[in-house]
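Below is one structure; the comments refer to it alone.
Every number here is computed from the coordinates shown, using simple stated rules; none is lab data. Predicted model, so just to flag it, every value in this text is computed and none were measured. We place every Cβ from the backbone using ideal geometry, glycine too, and count neighbours over all the protein chains shown.
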Amino acid sequence: MWIVKLGGSLAHDPRLVQWLALLAELGGGRVTVVPGGGAFADAVRASQRHWHFTDLPAHNMAVLAMAQTAHLFHALEPRLALAADEAGIRRELHAGHPALWLPFGLLRDAPDLLTTWDVTSDSLALWLARVLNAERLILVKACKVPPGSSFAELSAQGVLDARFATWAREAPFPIEVVECDAMEQVRDALLGRTAFRPPVTLARVVASRSGSQRGARPRRKPAA
């Protein structure tokens, strides 16, 4: 199974429809799409700056922002099947559909490791990939991804969130951070024509398998 996270910044990019169509056409039974928060999450940040409330309600609002983006994606591409939890995702994939995650299970009543702005939809996509024992995680970005960058460098540049590099070290699957222009490379890989070949504008880091086994049950929360 592949987890493909489409950044919320793609919401106003004409290539979004092409990405959604690609994943709907070729992702049946094997791809789960994770939506970013995009402008909806930006509105949460602005509201928190204005009213100075804590990160717990901000986290819950940002989760709902991701859900809004999911509904936007579904409106644009109804072949993506909305699923709110692990069982629902597996059910849709088993039925041969591509799944589109509604992350309501991440709503929280008390603060934990996820309820901070250091964790965004990128790390939540990584969290889901671990829960589902995915074989690959691809993060699609509308911004530039400097070639050869490490996860730590991408975090420093604001491409990834602050927790991603640390949590990715425990992931027992390859992780790619791609610009949205990498669509053809992803298409060829989904079709099985080629292994995933990084384009020029790709930062690719294969996570270390030290301390992890491929068949191990993933944790429900990322390690601190």
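Ranked by Cβ crowding within 10 angstrom, fewest neighbours first, how are 73, 151 ordered? Working shown, then result.
Details: 73 26, 151 21.
Placing the least packed residue first, the sequence is 151, 73.
By counting other Cβ atoms within 10 Å of each Cβ, how are 69, 116, 194 ranked from fewest to most?
Arranged by neighbour count, lowest to highest, 69, 116, 194 become 194, 116, 69.
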Residue by residue through region 168-174, which ³J(HN,Hα) values in whole Hz follow from phi under the Karplus form 6.51 cos²θ - 1.76 cosθ + 1.60 (θ = phi - 60°), with glycine and proline marked x? 5, 4, 8, 6, x, 8, x
At a Förster radius of 35 Å, what calculated FRET efficiency corresponds to the Cβ-Cβ distance of residue 25 and residue 107, to the nearest 0.05? 0.65
Cβ crowding within 10 Å averaged over residues, with 83-90, 1-8 ranked highest first: 1-8, 83-90
Cα centroids of region 62-81 and region 112-144: how far apart, whole angstrom? 16
How big is D, in µm² s⁻¹, for region 2-206 by Stokes-Einstein at 20 °C and 1.002 mPa s if Rh is the Kirkwood radius over C-alpha pairs? 126
Amide hydrogen neighbours beyond the local backbone of residue 31, cut-off 5 Å, H modeled: 2, 99
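R0 = 45 Å: FRET efficiency of residue 52 with residue 144, Cβ-based, nearest 0.05? Let's see the in-between values first.
Numbers: r = 33 Å, r/R0 = 0.74.
Calculated transfer efficiency: 0.85.
Could you tell me the relative contact order of the chain? Use alpha-carbon pairs under 8 Å, at least six residues apart, and round to a whole percent.
Working: 414 pairs, mean separation 49.6, N = 224.
Across the chain, relative contact order equals 22 percent.
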Using the crude model of +1 on Lys and Arg Cβ and -1 on Asp and Glu Cβ, and no other charge, please compute the dipole size for the chain relative to its Cα centre, in debye to 20. 560
Please sort 139-145, 91-97 by packing, taking for each peptide the average over its residues of neighbouring beta carbons within 10 angstrom, highest first. 139-145, 91-97
Residue by residue, what Karplus-based ³J(HN,Hα) values in Hz, rounded to whole numbers, does region 97-105 have, using 6.51, -1.76 and 1.60 with θ = phi - 60° and x for Gly and Pro? 9, x, 9, 10, 6, 9, x, 5, x
